[in-house]
Protein chains: 2
Amino acid sequence: MRGGLGADETGQPVRALRNIRLTVAFDGTAYSGWQIQKGQPTVQGELAAAVRRITGENVVPAASGRTDAGAHARAIGVGLQVRSGIAPASLLRALNSVLPRDIRVTGAWEAAPDFHPRRSAHSKTYRYNIYRGPVLPPHLVREYFHYPYQLDLSRVDAAVGRFVGEHDFGSFAARSGADKQDGPRGTVRRIFRADVQRSGHRLWFTFTGDGFLHHMVRNMVGTALEVGRGAMSADEFEALFSHRDRTKAGFTAPAHGLVLLRVHYRRR
Amino acid sequence: MRGGLGADETGQPVRALRNIRLTVAFDGTAYSGWQIQKGQPTVQGELAAAVRRITGENVVPAASGRTDAGAHARAIGVGLQVRSGIAPASLLRALNSVLPRDIRVTGAWEAAPDFHPRRSAHSKTYRYNIYRGPVLPPHLVREYFHYPYQLDLSRVDAAVGRFVGEHDFGSFAARSGADKQDGPRGTVRRIFRADVQRSGHRLWFTFTGDGFLHHMVRNMVGTALEVGRGAMSADEFEALFSHRDRTKAGFTAPAHGLVLLRVHYRRR
């Protein structure tokens, strides 16, 4: 009865819940991440407030995953359940007219009843941006980690390539989040793509995988940088894949260099 | 006696004035342009305050030219006259340690006594950024003009190519600034390069010329867009080069899409 009309106890017509899928882009600089937290500006909070203004409904938008405070997204996957009959394209325009300009709805579709932005995703792609020149240019301040140190880029390449495949990434998971991540797969994840591209002083790390543990991309990047500057040997790096010990991996690269590029769905 | 020591009336040693050349990059979003204005945040004002903090001297930094409120620069040319003996590389680091992070000194050199950041420049390169997709992504908000309208790009190309060469650009000059621009050359300028590149929804206009009148780049872009969307005919466009009449040209594209990429000097 999706989209159909019933009636409540007072005889008023009641619409059934519709499942709407959105893609949302945001500059995370001003936000404490995706997830609603009391007294903090969050992307989920801004989006819930925008939906309330447009349809009058109190919804808790679901996302493909949480994002760290200060990290960015080009296209996070979002699911909304609303009773309003508004067309997806009209909802997109209406939400963008009330959202702050550092959050934009870039796509909206009617979704299947069983669509869920996290469970229906089969993979995600992240990019991590680094600037190696002596002075970080102002137009890169929000999305680039400034790392003006000597690096052996062939060692960085080799380390990043080692992440491809199915591995236990326990050494690269934030300790604080470990309890939430021990589902049936524990800390095992599959990485389909991991590479580094460069242009001038810029380095772009790209990772596509079927799932990422809390802080995993930032820890992989920090560890690859330590290998690249010679602070971690190839043997020490290799041992991270057999021993789950977060204390042995490299530093956690800062959140502002991290961009969720895309969430890949089997279908809309 | 550049860099040498003299003595003032009280016998204190007095250094001769040194001429320092800087290149400065800034995100202009928060500034009322380059030039100091009472009660407004300006790039020149921030730089003067930073020099005062570092060397104790009251200087008025000179630039290769003024920039519009909200426009950006990757490398504006700046000249400083200081008595301090600080080495250019140390001055660069010291200024960056006190400047806001949306203004960065990216280069510093000892300059010849006759170097002047405007008079010594032989040309400048500007870029103007446009985004044509339906929703402007948050990471482009500061530097891209959102123009989601139908355009015949071959007409835009042809119009932009017409700017190359020596022409009277009076039709493309801001009327308010005309009195200041009528030097020996009047409103004649030479454009060495003018083209449009595209990638996906983005358009980048690039202009290199020996000088630009007030608002000239923004007026050239606005006019090319009007030609591209069919609001101005090829004949009307052509007439702008023979009649100096600002009221006949297209709209002034907004400042935030404009980036001064580089100022070209004959020598350092």
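From the set of residues in the range A:74-91 that are touching a Leu at 6+ places or on another chain (Cβ under 6 Å) and open to solvent by less than 10 Å² (accessible area, probe 1.4 Å), which is nearest to A:Thr252 (Cα to Cα)? Step by step, filter the range A:74-91, then rank; the result is A:Ile76.
Test B:Leu151 against the stated conditions and say whether it is within 14 Å of another protein chain (Cβ to nearest Cβ), open to solvent by 10 Å² or more (accessible area, probe 1.4 Å) and modelled with pLDDT of 95 or more. So B:Leu151 fails the test.
Confirm whether B:Ala89 is away from chain A (no Cβ under 14 Å), over 14 Å from the mean Cα position of the chain (by Cα), farther than 21 Å from B:Leu261 by Cβ and not charged (D, E, K, R). So B:Ala89 does not fit the description; no.
Limited to the range A:101-142, what total is found for residues that are assigned to a loop (DSSP other than H, G, I, E, B), under 18 Å from A:His256 (Cβ atoms) and under 22 Å from the mean Cα position of the chain (by Cα)? Steps first, please.
Here is the first cut: in the range A:101-142, the residues assigned to a loop (DSSP other than H, G, I, E, B) are A:101-102, A:111-120, A:132-137, A:141-142.
Narrowing the set further to residues that are under 18 Å from A:His256 (Cβ atoms) leaves A:102, A:132-133, A:135-137, A:141-142.
Narrowing the set further to residues that are under 22 Å from the mean Cα position of the chain (by Cα) leaves A:102, A:141-142.
Residues meeting the conditions: 3.
Note on the range B:20-36: among residues that are away from chain A (no Cβ under 11 Å) and open to solvent by 60 Å² or more (accessible area, probe 1.4 Å), the one that is nearest to the chain's Cα centre (by Cα) is B:Gln35.
Among residues of the range A:4-29 that are in a loop (DSSP other than H, G, I, E, B), those with a Cβ under 6 angstrom from a residue that is open to solvent by less than 20 Å² (accessible area, probe 1.4 Å) and at pLDDT 95 or above, sequence gap 6+ or separate chain, pair up as A:Asp27/A:His72; A:Asp27/B:Pro138.
For B:Leu203, the requirement of being open to solvent by less than 10 Å² (accessible area, probe 1.4 Å) and either part of a loop (DSSP other than H, G, I, E, B) or at pLDDT 95 or above (or both) is met. Please work out if B:Gln197 is at pLDDT 95 or above, open to solvent by 10 Å² or more (accessible area, probe 1.4 Å) and away from chain A (no Cβ under 14 Å). Judged against the criteria, B:Gln197 is a match. Inside the range B:215-262, residues that are in a helix (DSSP H, G or I), at pLDDT 95 or above and of a type in the set (S, T, N, Q) make up a count of 2. Residues in the range B:42-87 that are at positive phi and free of Cβ contacts under 8 Å to residues at least 40 places away in the same chain: B:Gly56 alone. All of (1) within 17 Å of the chain's Cα centre (by Cα); (2) at pLDDT 95 or above hold for A:Tyr265 with one exception: (2). When restricted to residues that are surrounded by fewer than 18 Cβ atoms within 10 Å (Cβ to Cβ) and not in a helix (DSSP H, G or I), the range B:37-53 contains 5.
Report whether or not B:Ala71 is within 14 Å of chain A (Cβ to nearest Cβ), in contact with a helix residue (DSSP H, G or I) (Cβ under 6 Å, 6 or more places away or on another chain), of a type in the set (Gly, Ala, Ser) and open to solvent by 10 Å² or more (accessible area, probe 1.4 Å). No: the conditions fail for B:Ala71.
Among the listed residues B:Ala69, B:Ala62, which satisfies the condition of being modelled with pLDDT of 95 or more and in contact with a Pro (Cβ under 7 Å, 6 or more places away or on another chain)? Steps first, please.
Working: B:Ala69 fails: in contact with a Pro (Cβ under 7 Å, 6 or more places away or on another chain).
Just a single option satisfies the conditions, and that option is B:Ala62.
Condition first: surrounded by 14 or more Cβ atoms within 10 Å (Cβ to Cβ), part of a helix (DSSP H, G or I) and in contact with a Phe, Trp or Tyr (Cβ under 9 Å, 6 or more places away or on another chain). Can you find one or more residues in the range A:182-189 that meet it? The answer is no, given that none of the residues of the range A:182-189 is surrounded by 14 or more Cβ atoms within 10 Å (Cβ to Cβ), part of a helix (DSSP H, G or I) and in contact with a Phe, Trp or Tyr (Cβ under 9 Å, 6 or more places away or on another chain).
Going through B:Ala224, B:Ala234, B:Ala158 one at a time, which residue ends up being among the small types (Gly, Ala, Ser) and either closer than 17 Å to B:Ile130 by Cα or open to solvent by less than 30 Å² (accessible area, probe 1.4 Å) (or both)? Give the steps one after another, and end with the answer.
Details: B:Ala234 fails: either closer than 17 Å to B:Ile130 by Cα or open to solvent by less than 30 Å² (accessible area, probe 1.4 Å) (or both); B:Ala158 fails: either closer than 17 Å to B:Ile130 by Cα or open to solvent by less than 30 Å² (accessible area, probe 1.4 Å) (or both).
The match here is B:Ala224.
Output the residue which, of all residues in the range B:93-142 that are within 11 Å of chain A (Cβ to nearest Cβ) and of a type in the set (D, E, K, R), is surrounded by the fewest Cβ atoms within 10 Å (Cβ to Cβ). Within the range B:93-142, the match that is surrounded by the fewest Cβ atoms within 10 Å (Cβ to Cβ) is B:Arg101.
The values are calculated or read from the model by the stated rules, or taken from the named source; none is laboratory data. None of the values given here were measured: they were computed from a predicted structure. Glycine also receives a Cβ, built like all others from the backbone with ideal geometry; neighbour counts cover every protein chain displayed. Just so you know, the surface numbers come from the protein's heavy atoms only, side chains and all, with ligands and any DNA or RNA stripped out. Shrake-Rupley method; radii C 1.70, N 1.55, O 1.52, S 1.80 Å.
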